[in-house]
1. What are the ³J(HN,Hα) values, in whole Hz, obtained from phi via the Karplus relation 6.51 cos²θ - 1.76 cosθ + 1.60 with θ = phi - 60°, for each residue of segment 108-116 in sequence order, with x given for Gly and Pro?
2. How large is ³J(HN,Hα) for each residue in segment 121-135, as worked out from phi by the Karplus curve 6.51 cos²θ - 1.76 cosθ + 1.60 (θ = phi - 60°), to whole Hz, x for Gly and Pro?
3. Expected output is a single nm value to one decimal: the length gained when fully extending between ASP133 and SER101, i.e. 0.36 nm times separation in residues minus the C-alpha distance. What is it?
4. Would you kindly derive the ³J(HN,Hα) couplings of segment 92-98 from the backbone phi angles with the Karplus curve 6.51 cos²θ - 1.76 cosθ + 1.60 (θ = phi - 60°), listing them in order in whole Hz, with x for Gly and Pro?
5. Bin by bin, in steps of 5 Å, what percent of the Cα pairs in segment 25-143 do you find, going until the bin that has the longest distance?
6. What's the extension gain from ILE87 to ASP30 if we count 0.36 nm per residue and subtract their Cα-Cα distance?
7. Taking 0.36 nm per intervening residue step and subtracting the Cα-Cα distance, what contour gain separates HIS59 from PHE39 on full extension?
8. Of all DSSP beta bridges in segment 25-143, what percent run antiparallel (nearest 5)?
Amino acid sequence: MRRTGQVLAIAVVLLIVGLILGGCGGTWVDDQDNFKRIFGFDKPFDVEVRHSYYWKSPHWSTEYRYYIALRGSIKFASGLTTPQVMIPAVPDTSALAVCGSDPPRWFLSKPLSHYAMWTPKNSGKYRVFRDEDDGTLYVCDEQL
């Protein structure tokens with residue numbers, strides 16, 4: 001009887017751990033919480049999220065992919081592309097490829113020549129793009 005109780009206890013613990021780890025992933029499209037998932041803080045009142053996509057794997061390692069299109073104040077845009085953190089770069093398909101091979105159709109829908117681009121000075125792979133015509137900002141990243 002004691003052995004059955006131990007096996008049952010272990011099974012319950014494994015089930016709980018599996019639910020916790022398995023329940024952490026998902027895909028969110030145009031979800032109001034995607035801004036916070038991506039940036040780690042609440043969306044400022046002067047920022048409008050036009051589109052967003054966020055995917056996180058359901059297992060213990062950190063795997064994610066995100067795309068976001070937004071409009072913000074000059075202050076927000078300047079903070080996102082500040083020279084202390086970012087380096088201007090020429091947008092090309094290899095720079096975009098670090099964000100995944102299948103971006104949503106709304107992400108950088110014009111030819112790349114219509115965008116300014118920045119890459120991080122540190123080892124981060126994320127990319128920031130600004131539509132030169134209307135100022136929309138696009139940010140993407142992938143970690144697998």
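Each value in this text was obtained by applying a stated rule to the coordinates, not by laboratory testing. For clarity, every value in this text was computed on a predicted model and none was experimentally measured.
1. Karplus-based 3J(HN,Hα) across segment 108-116 equals 6, 6, 9, x, 4, 5, 8, 10, 8 Hz.
2. Those phi angles translate into 5, 7, 7, x, 9, 4, 10, 10, 10, 10, 5, 5, 7, 10, x Hz.
3. Working: separation 32, 0.36 × 32 = 11.52 nm, distance 2.51 nm.
Between ASP133 and SER101, full extension yields 9.0 nm more.
4. Computed from phi, the couplings for segment 92-98 are 8, 5, 5, 5, 6, 4, 5 Hz.
5. Calculated P(r), rounded to whole percents: 2, 11, 22, 26, 22, 12, 4, 1, 0.
6. Working: separation 57, 0.36 × 57 = 20.52 nm, distance 2.83 nm.
Result for the pair: 17.7 nm of gain on full extension.
7. Numbers: separation 20, 0.36 × 20 = 7.20 nm, distance 2.11 nm.
This chain segment gains 5.1 nm when fully extended.
8. Values: 31 of 31 bridges.
Given both bridge residues lie in segment 25-143, the antiparallel proportion sits at roughly 100 percent.
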